[in-house]
Amino acid sequence: MNYSEQRSSVRLPTEARLEIHHAALGVLKLKATNASSGGFFAIRGASDLPPAGTVVDVYIKRYAGILHRQPAPMRVVYVNNKGMGLEFV
């Protein structure tokens, strides 16, 4: 069974921008293509992505700006050639 078959939340399309803070990689600015109550899928940008299992701080942005003042801690669930899956922790 792959990760997509294990999902407990419905995914919906989104145009959110994710500002991902990682101690070694710095700030990654990626676009999310879908969201659920459990997390996001972020499209791979030009930069390296943190490995699966890494916890990162994420600011979720929409057209109106950042949705929250504190970053959301999220875990990298998987990384593939298209991007990475992130879940709220």
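Quick look at the numbers
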| quantity | calculated |
| --- | --- |
| Electrostatic dipole magnitude of the chain [Cβ: Lys, Arg +1; Asp, Glu -1; Cα centre; debye, to 20] | 240 |
| Sequence-separation-based contact order of the chain, relative, with Cα cut under 8 Å and 6+ spacing, percent | 25 |
| Net length gained if the chain between D57 and Q70 were fully extended (0.36 nm per residue, minus Cα distance) | 3.8 nm |
| Per-peptide average of other Cβ atoms within 10 Å, ordering 73-82, 36-45, 54-63 highest first | 36-45, 54-63, 73-82 |
| HN-Hα J in Hz across the stretch 38-53 - Karplus 6.51, -1.76, 1.60, θ = phi - 60°, x for Gly and Pro | x, x, 9, 10, 10, 5, 4, x, 7, 8, 5, 10, x, x, 4, x |
| Reported label for calculated volume of the Cα convex hull per residue in Å³ given (1) 126; (2) 115; (3) 98 | (3) |
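Each reported figure results from applying straightforward, stated rules to the coordinates on display, with no laboratory input. Quick caveat: nothing in here was measured; it's all calculated off a predicted structure. Cβ sites come from the backbone with ideal geometry, for glycine too, and all protein chains shown count toward neighbours.
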